[in-house]
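The values are calculated or read from the model by the stated rules, or taken from the named source; none is laboratory data. No experiment lies behind these values; they were computed from the predicted model shown. All Cβ positions, glycine included, derive from the backbone under ideal geometry; neighbour counts span all protein chains shown. Note: accessible area is taken over every heavy atom of the protein model, side chains too, but ligands, DNA and RNA are not part of it. Shrake-Rupley method; radii C 1.70, N 1.55, O 1.52, S 1.80 Å.
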Amino acid sequence: MTAKYTTDLISKLSKRPLPTLEATLARLTESAQPLLGDAEQAKLADLIAAFQQSDGPVLQSALHRLQVETNANWTTPLQSERYLTNQSALQVATNFAFTISPSHLPDRPPIELAAKLLQNIADQYLAFANETAPVEVDDDGRPLDMSGYIPLFRSQRLPHTHRDHFHQTRLALKNIEATVIYRQTVYQILLIDHAGRVATLHSLTEALRLIFAQSDPDDRFIGQYTGLPRQLAAKTWHRLNKNDQNHQNFERVANSLLVMTFADLEASAGLRQTLLGPNEHFFDKTMQVVIDYEKGIGFSFEHSHIDSQPAGHIVDAVIADLKKPEDQWDSKGKPHFERLAWELDSKSLIALQQAQIKTTVFSAKLQFAAATLTQFGRTALEALHVSPDAFFQLVLTLAQYRLTGGWHRLNEPVSMRHFYQGRPESLNTLSTSAKQFVTDFASGQRDAAIRQSFNQAITQHTAAIQEVQEGNGTDQHLLGLQTMMNTHGGKAAFPDAAELFDSDVYQQLTTNFFATASVACDIIDNFSFAPLDPSGYGIYYGILPEKVLLTVSAWQTNPFSAQEVADVIVSSAEEIYDWLVAFDE
């Protein structure tokens, strides 16, 4: 099953092309112009010339063979490898999370709300498992890639030494469980029975009530190791798996549809709790729901094989169906659940205790700030004939300049779903025209010339997005060349490539001051992820019809707090918008 969303689309979607080496290196040179000084640009030019004359063509040839030999997307294994070899703790490295706006939730007790959520997620799962979910199309009716939906369900990133393993259970139609965590204790609830029927609301509610009535919780949460750096997580996980009962339990968790956690009484399902825990999370389970006692709901996702757009679409559908009336069978049904018992020796108990301490430390490394801009939204920006996304990227350019007085890379993910297995490509949105506009605007210029400069920056951003969506992105190509170097002899075999990729100028071009994400979904209250770089910030902006949602994440060690960054972004957005309105009157 699921061929409708995978192999059947091979003939309907384009195969992602491989850019020429010359074109990518030219774009790299162009992207360096607003970021590097004259001496640094000269150094980069020398490095690129040496690479292009020696190692570059050899690595391009190896990458071309990979592209030719697959009927899939040549970037897919490269992206997966980058994630799975990242050994950092997932919650402060690659996971993302969002909370649900309370206005979109029905007035139900938390247990009933949780039961209905489980039902709705099961319905979404079955729609893909039995291939009744439609293939999405763009505004012109062209099909979009759907491969990002399947890994959302029944999957888990399992820790291994040096490289993790992504476990994906086939999408069966019967005997599907959900994992529930309450007071450090893990339970399996039967969500879809032997006949392929989704559990009734009554049976799920009663199962949760019985779980809540348990008076002897586990002393240690078994999943605490998942919040460790992956090398340490692998060590603990392998030790626990040596016991047959533990091994069977871990298999059931990995095969379950999702994990649902009930936050402690003193905790909430806010953004920090949802993304960082620190307790009662399987951070490497692809989809995890967190519910608190005030009916707060958050969703957390492991990022190695899925992206924010499919995740947002699934959750949007799940939340929309919360207000649907119950059917005649929902008042019937017996609860079916099982508490998982674990065999833990003294060393395992100590390891889990130490893991809890470390994940608590990790959770304190990040800070968040949120804001809502109500002065404008997508409708007002489009009335000014301005691309909302290009506008906000320009806002971020002004904000980073005002914060630092300099120029840094801004990373925007670009949708590539017109290609088979198309995952987002990264784009550096700091262009020469954006730099010129921000320089003039920050100096107080407000005449017709700067309006023209603004238009040029917007136009260049739109053109850059289009160029990437045609398959001419730079980042994935350079990642592919670097991967070919590492897999075909390493730095010793390709010294000019190593010198380019390890150079300080290349690091400057690839270090993200602002790593951004944008999911325009009105059910989202806050959305965030850890900054991609030690000195950077994570920026979420959701441009809705009448407002813009903003969330900033920052390391505690950053020179500016998350709140300081959010304040500067808000003031920059309001200032540019007010100027545009006044100028066009």
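Candidates are the residues of the range 400-418 that are within 16 Å of the chain's Cα centre (by Cα) and buried (at least 21 other Cβ atoms within 10 Å of the Cβ); the one that is farthest from Ser308 (Cα to Cα) is Asn411. For the range 332-349, filtered to residues that are in a loop (DSSP other than H, G, I, E, B), out of contact with any strand residue (DSSP E or B) (no Cβ under 9 Å at 6 or more places or on another chain) and not basic (Lys, Arg), the residue that is most open to solvent (accessible area, probe 1.4 Å) is Glu343. Here Val361 fulfils each of the conditions (1) of a type in the set (Val, Ile, Thr); (2) without any contact (Cβ under 8 Å) to a residue 12 or more places away in the chain; (3) surrounded by 15 or more Cβ atoms within 10 Å (Cβ to Cβ) apart from (3). How many of the residues making up the range 549-570 are under 25 Å from Phe391 (Cβ atoms), of a type outside the set (A, V, I, L, M) and assigned to a strand (DSSP E or B)? Number of matching residues: 2.
In the range 141-184, what count of residues is obtained for those that are assigned to a strand (DSSP E or B), over 18 Å from Thr205 (Cα atoms) and of a type outside the set (D, E, K, R)?
8
The condition of being surrounded by fewer than 15 Cβ atoms within 10 Å (Cβ to Cβ) and either acidic (Asp, Glu) or more than 27 Å from Ser453 (Cβ to Cβ) (or both) holds for only one of Ala498, Ala562, Ala493, that being Ala493. Of all residues in the range 42-62, those that are crowded, with 19+ Cβ neighbours inside 10 Å and either under 20 Å from Pro17 (Cβ atoms) or free of Cβ contacts under 8 Å to residues at least 40 places away in the same chain (or both) total 3. On the stretch given as the range 199-236, residues that are open to solvent by 30 Å² or more (accessible area, probe 1.4 Å) and under 20 Å from Thr286 (Cα atoms) total 3. When restricted to residues that are surrounded by 21 or more Cβ atoms within 10 Å (Cβ to Cβ), more than 22 Å from Pro102 (Cβ to Cβ) and not aromatic (Phe, Trp, Tyr), the range 282-306 contains 7. Here Thr372 fulfils each of the conditions (1) touching a strand residue (DSSP E or B) at 6+ places or on another chain (Cβ under 8 Å); (2) open to solvent by less than 20 Å² (accessible area, probe 1.4 Å) apart from (2). Quick check: anything in the range 144-162 over 18 Å from Lys285 (Cα atoms), open to solvent by 10 Å² or more (accessible area, probe 1.4 Å) and at pLDDT 95 or above? Within the range 144-162 (the criterion being over 18 Å from Lys285 (Cα atoms), open to solvent by 10 Å² or more (accessible area, probe 1.4 Å) and at pLDDT 95 or above), the answer is yes, since at least one residue qualifies.
Scanning the range 24-41 for residues being part of a helix (DSSP H, G or I), touching a helix residue (DSSP H, G or I) at 6+ places or on another chain (Cβ under 7 Å) and open to solvent by 20 Å² or more (accessible area, probe 1.4 Å) gives a total of 4.
Within the range 504-561, the set of residues being among the aromatic types (Phe, Trp, Tyr) and under 20 Å from Leu430 (Cα atoms) comprises Tyr506, Phe513, Phe514, Tyr537, Tyr540, Tyr541. Whether a residue is open to solvent by 20 Å² or more (accessible area, probe 1.4 Å), under 30 Å from Lys15 (Cβ atoms), over 19 Å from the mean Cα position of the chain (by Cα) and touching a residue at least 12 places away in the same chain (Cβ under 8 Å) was assessed, and Ala390 does not pass this test. In the range 465-511, which residues are in a helix (DSSP H, G or I), within 23 Å of the chain's Cα centre (by Cα) and among the hydroxyl-bearing types (Ser, Thr, Tyr)? Matches in the range 465-511: Thr483, Thr510. Tell me, yes or no, whether the range 123-131 has at least one residue that is assigned by the TED database to the domain that holds Ile539, surrounded by fewer than 16 Cβ atoms within 10 Å (Cβ to Cβ) and either among the polar types (S, T, N, Q) or in contact with a Ser or Thr (Cβ under 9 Å, 6 or more places away or on another chain) (or both). Checking the range 123-131: not a single residue is assigned by the TED database to the domain that holds Ile539, surrounded by fewer than 16 Cβ atoms within 10 Å (Cβ to Cβ) and either among the polar types (S, T, N, Q) or in contact with a Ser or Thr (Cβ under 9 Å, 6 or more places away or on another chain) (or both).
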